[in-house]
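Asks: Before anything else, here's the structure in question.
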Amino acid sequence: RVQEYIDFQLAKDRARQKVLRDGLRWMASQGDKAAALGEASRKPDSVEGRFFRLMKDLTIDGYYQSKEGLVTELGWHGNTYLAKWDGCTHPEHKG
């Protein structure tokens, strides 16, 4: 249901809506060439660069807020607590 998350996020943000619309217009003007555009050829501040970054960020955010991303992939177990915590166990953090 990532698409619903993206719709929700875009519904309240006119700046993101503009990036999306501009990007979709750009894709429509490119036809099949848009799908073949490599990431290296996209300038971060170009219409297509902003569009692809927005869609990638929203997709990742939406996925990792879903049960599949948060629980299944990351192994989150809800609001749990530790009865005791001995501190960081990394040797480089021992003081």
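The values are calculated or read from the model by the stated rules, or taken from the named source; none is laboratory data. It should be emphasised that the depicted structure is a prediction, and the values quoted were computed from it without experimental measurement. Every residue, glycine as well, gets a Cβ built from its backbone with ideal geometry; the counts of neighbours run over all protein chains shown. Note: areas computed on protein heavy atoms with side chains; ligands, DNA, RNA excluded. Shrake-Rupley method; radii C 1.70, N 1.55, O 1.52, S 1.80 Å.
Asks: Being assigned to a helix (DSSP H, G or I) and free of Cβ contacts under 8 Å to residues at least 12 places away in the same chain is the filter; apply it to region 31-55 and report the residue that is most open to solvent (accessible area, probe 1.4 Å).
Replies: 33
Asks: Please verify whether residue 72 is β-branched (Val, Ile, Thr), surrounded by 10 or more Cβ atoms within 10 Å (Cβ to Cβ), at pLDDT below 90 and more than 30 Å from residue 36 (Cβ to Cβ), treating the condition exactly as stated. Walk me through it before giving the result.
Replies: Numbers: β-branched (Val, Ile, Thr): yes; surrounded by 10 or more Cβ atoms within 10 Å (Cβ to Cβ): yes; at pLDDT below 90: yes; more than 30 Å from residue 36 (Cβ to Cβ): yes.
For residue 72, the condition - β-branched (Val, Ile, Thr), surrounded by 10 or more Cβ atoms within 10 Å (Cβ to Cβ), at pLDDT below 90 and more than 30 Å from residue 36 (Cβ to Cβ) - is met.
Asks: In the list 20, 10, which residue meets the criterion of being in a helix (DSSP H, G or I) and farther than 19 Å from residue 65 by Cα? Steps first, please.
Replies: On the way: 10 fails: farther than 19 Å from residue 65 by Cα.
Selected residue: 20, the only one of 20, 10 that is in a helix (DSSP H, G or I) and farther than 19 Å from residue 65 by Cα.
Asks: Across region 61-92, what is the total count of residues that are of a type outside the set (Phe, Trp, Tyr), over 30 Å from residue 7 (Cβ atoms) and assigned to a loop (DSSP other than H, G, I, E, B)?
Replies: Residues meeting the conditions: 9.
Asks: Checking residue 78 against (1) open to solvent by less than 80 Å² (accessible area, probe 1.4 Å); (2) touching a helix residue (DSSP H, G or I) at 6+ places or on another chain (Cβ under 6 Å): exactly one of these is not met. Which one?
Replies: (2)
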